[in-house]
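Okay, structure first, notes after.
The values are calculated or read from the model by the stated rules, or taken from the named source; none is laboratory data. Because the structure is a prediction, the values reported are computed rather than measured. FYI the Cβ positions are ideal-geometry reconstructions off the backbone, even for glycines, and counts take in every protein chain you see. Just so you know, the surface numbers come from the protein's heavy atoms only, side chains and all, with ligands and any DNA or RNA stripped out. Shrake-Rupley method; radii C 1.70, N 1.55, O 1.52, S 1.80 Å.
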Amino acid sequence: MWPAGRIVQAQVSGVAVDLRGRVLVLNRGENHWMPQEAFKRQKIKQPAVLVVDPESGKVEATWGASTFIMPHQIVVGPEGNVWVVDVGLHQAIEFDADGKKLRMVGGPKVRFNMPTDLAFLSDGSFVVSDGYLNSRLVKFS
């Protein structure tokens, strides 16, 4: 249960549950989804991921400070790694369950142009929706 009166002082763009049952709250910190400001290339200074105990509502951990520009979605993979899709960085970034960066796919003008989400397929591959400007899915095996 989220404590009464507890408010995240930022735009929340995604929520996921990890394999430990913790709630992962993805927020945009001081950056806002506005055309003239949204992708100003300044990374969010505060932690963008809050790890919340679902019973107490206590924030157990935070991570992702100075990592993202405009995080759009958070997804937990089948092995428990956490993926964040960032439309400002034009990347999907994989982290371990504690927030250590493992790998990145994409990048500006490399593969994506404002990717929005990620999903896993039963064969272990995954797809990234590159939806805002490229209007396509990209499959990784």
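From the C-alpha coordinates alone, can you work out the Kirkwood hydrodynamic radius of the chain, in Å?
In the chain this quantity evaluates to 15.3 Å.
What stretch of the chain, leaving out the sites themselves, is the longest with no chymotrypsin sites (Phe, Trp or Tyr not before Pro) in a DSSP loop having at most 14 other Cβ atoms within 10 Å?
The answer is 34-131.
Would you list, by chain and number, the aspartates and glutamates whose Cα falls below 13 Å from the Cα of Lys43, excluding same-chain residues fewer than 8 positions away?
Cα-Cα hits under 13 Å: Glu30, Asp86.
When only DSSP loop residues count, what trypsin sites (Lys or Arg not before Pro) in region 64-141 have their Cβ near at most 14 other Cβ atoms within 10 Å?
Lys100, Lys109
Please report, as a whole percent, how much of the solvent-accessible surface of the chain comes from carbon and sulfur atoms (probe radius 1.4 Å).
53
Over all alpha-carbon pairs of region 86-128, lay out the pair-distance distribution in 10 Å bins, whole %, shortest bin first.
P(r) for region 86-128, in whole percents per bin: 27, 51, 22.
Counting other Cβ atoms within 10 Å, keep those with at most 12, restrict to DSSP loop, and tell me which GluC sites (Glu not before Pro) in region 40-114 are left.
Glu55, Glu79
Restricting the count to DSSP beta bridges whose residues both fall in the chain, what percent are antiparallel, rounded to a multiple of 5?
95
So with the 1.4 Å probe, I'd like the accessible area per residue for the chain, rounded to whole Å².
Counting only protein heavy atoms, the per-residue value for the chain is 53 Å².
Computed FRET efficiency, Cβ-Cβ of Arg20 and Val110, R0 22 Å: what is it to the nearest 0.05?
Between Arg20 and Val110 the formula returns 0.10.
Modelling each spin label as a point 7 Å along the Cα-to-Cβ direction, I'd like the Ala119/Glu60 distance in nm, to one decimal.
2.8
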